[in-house]
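The structure appears right after this line, and notes come after that.
Nothing in this text is a laboratory measurement; each read-out follows from the coordinates by a stated rule. These figures come from a predicted structure and were not determined experimentally. Every residue, glycine as well, gets a Cβ built from its backbone with ideal geometry; the counts of neighbours run over all protein chains shown.
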Amino acid sequence: MEDETKDTSNQGSDKGPSTEKSDSAKPETPSSLEQAAKPDVPAEPQKAAPGAADAGASKPTPPPAAAAERPAPPKAAPAAGHKPAPPAKKGPVITVDITGDALIDRIRERFGEAITEAVATLGQQIIRVKKDSLIELCNFLHDDEEALFDMCTDVTAVHWPERAGEEFEVVILLYSVPKNRRLRVKASLADGEACPSVTPIWAGANWTEREVYDMFGIVFEGHPDLRRILLPSDWPGHPLRKEYPIEYRDNEWTDKHLDYREIEYDTSLIDVKYAERR
């Protein structure tokens, strides 16, 4: 009997105490500790099922528009009579000083202050010289072995009424056949001031200087036959001057020299002729 009692107590002690120990001594997991330490956070709203909108579920209210999406306030109107300045136009540089050219350097060295400008415009070389040195420069350009400008292709002029004391500009266009080179020579004149003729150097300047005299009224000293070439000898004024009233002068000359009369004719036939042409 005592042996059976001991065995029973041993069996009970094996099952009972081991079960209680496992329940009470079980360590808490880290996840359970974090959940206990965190404050209560409201649960996120559940997303509606795909068919909730069809079932009559209410749609969530959209958030307010961002500040950047709101229209900007209107700008204040400019003051009366004030015009904003137009933007500056930036165009290509077409006129540059001539540098590194052997012939132009020789001309500058020889004539010094008489050469007031030496530039290139769109590849065309231009030399501006004082009127007193014009003939000397033209002789040099004609005779110098490095220049040999043996042809005067044209003589023309430009009227600048706003330039006091330099209202006119004589332009001589030269070409060198041996060197295949072009050059423009310019000289400024005051209104009424005479210009020396280059006809003794280039005979072809005879008619072109007469055209300048006819259109601008510039007198060329030393010209062999300076008279009008395009207009009648008694034509009043010079049409290419900026202040010239060409319409009234034209009527004035025609009224004086042309014997014309108006002819009455039947204008009803004009429409018939145009209809036939169509």
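Points to keep in mind about this one:
- Karplus-derived 3J(HN,Hα) values for segment 142-151, using 6.51 cos²θ - 1.76 cosθ + 1.60 with θ = phi - 60°, are 7, 9, 5, 5, 8, 9, 6, 7, 8, 9 Hz; glycine and proline are entered as x.
- Residue-wise HN-Hα coupling along segment 216-232, computed from phi with Karplus coefficients 6.51, -1.76, 1.60 (Hz; x: Gly, Pro): 10, x, 7, 8, 9, 6, x, 6, x, 7, 7, 8, 4, 10, 10, 10, x
- Long pairs among 131/179; 90/179; 130/179; 90/131, criterion Cα-Cα beyond 29 Å: 90/179; 90/131
- Taking a point 7 Å from the Cα of residue 90 along the Cα-to-Cβ direction, none of the residues of segment 106-133 has its backbone N closer than 14 Å to it.
- For residue 151, nonlocal amide neighbours, meaning residues 5 or more places apart or on other chains whose placed amide H falls under 5 Å from its own, are 175, 177.
- Computed from backbone phi with θ = phi - 60° and the Karplus coefficients 6.51, -1.76 and 1.60, the 3J(HN,Hα) list for segment 181-190 is 9, 10, 7, 10, 10, 10, 9, 8, 9, 7 Hz; x is used for glycine and proline.
- Gyration tensor (alpha-carbon) shape descriptor, segment 163-212, a/c threshold 1.5: oblate
- Potential lengthening between residue 203 and residue 99 on full extension [0.36 nm per residue; Cα-Cα distance subtracted]: 34.3 nm
- Net charge of neighbours whose Cβ lies under 13 Å from the Cβ of residue 226, counting Lys and Arg as +1 and Asp and Glu as -1: -2
- Neighbour counting of Cβ atoms within 10 Å sorts the residues 181, 227, fewest neighbours leading, into 227, 181.
- Long-range amide H partners of residue 181 with built H, under 5 Å: 176
- Counting other Cβ atoms within 10 Å as a rough exposure proxy, the listed residues 235, 160, 202 run 160, 235, 202 from fewest neighbours to most.
- Rounded, prolate or oblate (a/c below 1.5 giving rounded, otherwise prolate when a/b exceeds b/c) for segment 119-176 by Cα gyration tensor: prolate
- Once the Cα-Cα distance is subtracted from the 0.36 nm per residue extended length, the residue 251 to residue 151 segment shows a gain of 32.1 nm.
- Taking segment 123-140 and a reference point 7 angstrom along Cα→Cβ of residue 109, no backbone N atom is nearer than 12 Å.
- Residue exposure sequence - 163, 184, 70 - by fewest surrounding Cβ within 10 Å: 70, 163, 184
- Antiparallel beta bridges, as assigned by DSSP with both residues in segment 95-257, represent about 85 percent of the total such bridges.
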